[in-house]
């Protein structure tokens with residue numbers, strides 16, 4: 001069973017789901033900590049020790065992205081060459097409107113600027129040149145130029 005998508009929610013029922021996968025049934029020892037239910041264990045004083053729900057980010061829930069793709073080679077363009085920002089993370093298909101994060105487990109986005117990468121996932125297929133990205137202050141890719149050969 002799972003937590004219902006509509007109607008009233010109860011901490012007790014969610015704790016039962018977390019412990020037994022039986023929303024609404026099962027014995028739970030109080031107190032119940034939402035932190036512990038989300039992150040696992042009982043470090044925040046729960047009467048039960050909960051299983052870890054998401055092991056890819058600590059602490060959970062991640063405000064950034066999970067199931068991310070890593071860009072291991074990316075740096076600011078020559079104009080801003082003092083900043084090396086690798087690795088960078090994103091989720092989904094890379095391209096214009098992709099949000100780039102500095103960690104897969106936070107909401108910290110890549111600072112605004114012009115970046116160069118050799119990765120071809122932005123729709124660029126020339127392995128001899130670089131991909132040129134323009135990123136706005138929200139970490140969103142606003143422009144992609146392929147075959148950027150400085």
field: Top-ranked residue of segment 31-47 - restricted to ones that are in contact with a helix residue (DSSP H, G or I) (Cβ under 6 Å, 6 or more places away or on another chain) and part of a loop (DSSP other than H, G, I, E, B), ranked as surrounded by the fewest Cβ atoms within 10 Å (Cβ to Cβ)
entry: 44
field: Residue identified as out of contact with any helix residue (DSSP H, G or I) (no Cβ under 9 Å at 6 or more places or on another chain), at pLDDT below 65 and either assigned by TED's automatic domain parsing to the domain that holds residue 19 or surrounded by fewer than 18 Cβ atoms within 10 Å (Cβ to Cβ) (or both) among 81, 112
entry: 81
Of all residues making up segment 4-20, the number that are within 23 Å of the chain's Cα centre (by Cα) and loosely packed, with under 12 Cβ neighbours inside 10 Å: 1
field: Scan of segment 121-150 for residues that are surrounded by 14 or more Cβ atoms within 10 Å (Cβ to Cβ) and modelled with pLDDT under 70, ordered by number
entry: 121, 148
query: Here are 73, 89, 23: which of them is more than 13 Å from the chain's Cα centre (by Cα), surrounded by 12 or more Cβ atoms within 10 Å (Cβ to Cβ) and at pLDDT 80 or above?
result: 23
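The values are calculated or read from the model by the stated rules, or taken from the named source; none is laboratory data. As the structure is a computational prediction, the values presented were derived from the model and not from experiment. Cβ: placed from backbone, ideal geometry, glycine included. Neighbour counts: every protein chain shown.
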